[in-house]
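Enquirer: Take this structure first; my questions come after.
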Amino acid sequence: MSAIWARPLTKIAASAALVLLMALLPLLNITIPGVFPGATYTPGTLQLLAYAMLIAALALSYHLLFGLAGMLSFGHALFFAAGAYGLGIVLRNFSPSWLPAGATFVAAILITVLIGFVLAALVGSVSLRVTGISFAMVTLAFAQAGSVVVRRNPGGQTGGDEGLTLDVSHVPDALVGVLNTRNLYWLSLAVLVTVYLVVLWVEKSRAGHVVAATRENELRVRVIGIRPYFVRLLVFSIAGALAALAGAAFLLLQSGVSPRVATPDFTLTLLVIVVLGGVGLRWGAVLGALVYTLLDQRLTALAGSEFIAGLPDVLRIPLSQPLFILGTLFILVVLFLPGGLAGLTRRSGRPQRPQGRGRKRMLDSEETT
């Protein structure tokens, strides 16, 4: 009996220790040349890490769709944009006199998450009428429509191509300014932990088991009397709400948002992140997001360095293109690490052969990859 509980308790203890370490980073003086732009207590490094954690939270919400339910969506960025733009618009227009400033800010975040949930429910109610590539195309159409609306700047609310600037009049002072980057870092960490716990809860819930079973054999689920459409819609809506929460935190961190986050290209980035980390693995989504974001940010700085400029053209030209390096890394992972970066932990230890449904889900994940 003790052996049964030992492994889960070890995982919980390791996760708690990692979260504690991440929470203490702003108080420590850790420097990793080539990875961080400075020490871990500096605003630049904290900004980078906070951004990476929000992308990890967004990737976790996409993991619910692609990794758990097997739904390949090309429109998930729409809900992230709804959270970022939604919070900005709500803060600008929602200011009841009977609410104090702090309560107005909390209410605005709750309204934004609700907007993400409702929008995802509306999009999902249409998209889930079809499956496979048709589902992906319908979500892509919704994402394109959202991108057009953002750029058209209806009522002067979204800022058009220039983007939307955060109205700080109802934002707590502790979350405004470069000097408060540490607080924004902790806020991003709290969002990541919250999203992770919600995703874990959904996976362990009856709805999570139903969508996982539907992903493997939808006909069998229908035969036993379960209607997978409504369960899928629920998971789709929860994923949209979590993406909106990450988008709202993104607006606070960046003090603004640009139309890029509403494009389908951003969703493709999420797909790359999930595959890079490991399809079907929660830690894979987090690890993939952290690695991708750090590489994307630091390779851009490396591409413009004097070291790269001094190389021969045969090396300088490809190495000066960060997307080329990221694309090469993605190809190598797909070819040689079908389980993603998170799968390395399984390979490093004693080989384990998943049994039953778990093994089939892993095989399906690899085929999807």
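Enquirer: Just one of the numbered conditions (1) open to solvent by less than 40 Å² (accessible area, probe 1.4 Å); (2) among the basic types (K, R); (3) over 21 Å from H63 (Cβ atoms) is not true of R222; which one?
Expert: Against the list (1) open to solvent by less than 40 Å² (accessible area, probe 1.4 Å); (2) among the basic types (K, R); (3) over 21 Å from H63 (Cβ atoms), R222 comes up short only on (1).
Enquirer: Go through the range 101-132 and count every residue that is closer than 15 Å to L234 by Cβ and surrounded by 14 or more Cβ atoms within 10 Å (Cβ to Cβ).
Expert: Qualifying residue count, the range 101-132: 11.
Enquirer: Please give the number of the condition L287 fails out of (1) open to solvent by 10 Å² or more (accessible area, probe 1.4 Å); (2) farther than 18 Å from V198 by Cα; (3) in contact with a Gly (Cβ under 9 Å, 6 or more places away or on another chain).
Expert: Among (1) open to solvent by 10 Å² or more (accessible area, probe 1.4 Å); (2) farther than 18 Å from V198 by Cα; (3) in contact with a Gly (Cβ under 9 Å, 6 or more places away or on another chain), L287 violates only (2).
Enquirer: Another question about this same structure. Got a sec? Which of L24, L64 is at pLDDT 90 or above and open to solvent by 60 Å² or more (accessible area, probe 1.4 Å)?
Expert: Among L24, L64, only L24 is at pLDDT 90 or above and open to solvent by 60 Å² or more (accessible area, probe 1.4 Å).
Enquirer: Looking at the range 293-313, can you tell me whether even one residue there is among the aliphatic types (A, V, I, L, M), surrounded by fewer than 11 Cβ atoms within 10 Å (Cβ to Cβ) and at pLDDT 80 or above?
Expert: The answer is no, given that none of the residues of the range 293-313 is among the aliphatic types (A, V, I, L, M), surrounded by fewer than 11 Cβ atoms within 10 Å (Cβ to Cβ) and at pLDDT 80 or above.
Enquirer: I'm told S237 meets every condition in (1) at pLDDT 90 or above; (2) closer than 22 Å to L166 by Cα except one. Can you identify the failing condition by its number?
Expert: (2)
Enquirer: For the range 100-113, does any single residue satisfy the condition of being touching a Ser or Thr at 6+ places or on another chain (Cβ under 9 Å) and without any contact (Cβ under 8 Å) to a residue 24 or more places away in the chain?
Expert: Taking every residue of the range 100-113 in turn, none turns out to be touching a Ser or Thr at 6+ places or on another chain (Cβ under 9 Å) and without any contact (Cβ under 8 Å) to a residue 24 or more places away in the chain.
Enquirer: Let me ask something else about it. Would the range 98-118 turn up any residue that is within 19 Å of the chain's Cα centre (by Cα), aromatic (F, W, Y) and modelled with pLDDT of 90 or more?
Expert: yes
Enquirer: Looking at the range 289-298, can you tell me whether even one residue there is over 22 Å from the mean Cα position of the chain (by Cα) and in a helix (DSSP H, G or I)?
Expert: Step one: list which residues in the range 289-298 are over 22 Å from the mean Cα position of the chain (by Cα), which gives none.
Scanning the range 289-298, I find no residue that is over 22 Å from the mean Cα position of the chain (by Cα) and in a helix (DSSP H, G or I), so the answer is no.
Enquirer: Kindly indicate which of L245, L323 is in a helix (DSSP H, G or I), closer than 30 Å to I109 by Cβ and either open to solvent by less than 60 Å² (accessible area, probe 1.4 Å) or out of contact with any Lys or Arg (no Cβ under 8 Å at 6 or more places or on another chain) (or both). Give the derivation first.
Expert: Numbers: L323 fails: closer than 30 Å to I109 by Cβ.
Result of the check over L245, L323: L245.
Enquirer: Let me ask something else. Of all residues being in a helix (DSSP H, G or I), among the polar types (S, T, N, Q) and over 23 Å from A103 (Cβ atoms) in the range 144-202, which is most open to solvent (accessible area, probe 1.4 Å)? Just the residue, please.
Expert: Q144
Enquirer: Please specify each residue of the range 314-357 satisfying the condition of being at pLDDT below 70 and of a type in the set (S, T, Y).
Expert: Residues satisfying the conditions are T345, S348.
Enquirer: Which of the following residues is more than 29 Å from L295 (Cβ to Cβ) and either among the polar types (S, T, N, Q) or modelled with pLDDT of 90 or more (or both): L54, L128?
Expert: One residue alone meets the criteria, L128.
Enquirer: What number of residues in the range 1-21 are at pLDDT below 80 and either surrounded by 12 or more Cβ atoms within 10 Å (Cβ to Cβ) or of a type in the set (F, W, Y) (or both)?
Expert: Number of matching residues: 1.
Enquirer: Taking the range 26-73, which residues are over 15 Å from the mean Cα position of the chain (by Cα), small (G, A, S) and outside any helix (DSSP H, G or I)?
Expert: G34, G38, A39, A69, G70
The values are calculated or read from the model by the stated rules, or taken from the named source; none is laboratory data. It should be emphasised that the depicted structure is a prediction, and the values quoted were computed from it without experimental measurement. No Cβ is skipped: glycine too gets one built from the backbone with ideal geometry, and neighbour counts run over all protein chains shown. Accessible surface areas use protein heavy atoms only, side chains included; no ligands, DNA or RNA. Shrake-Rupley method; radii C 1.70, N 1.55, O 1.52, S 1.80 Å.
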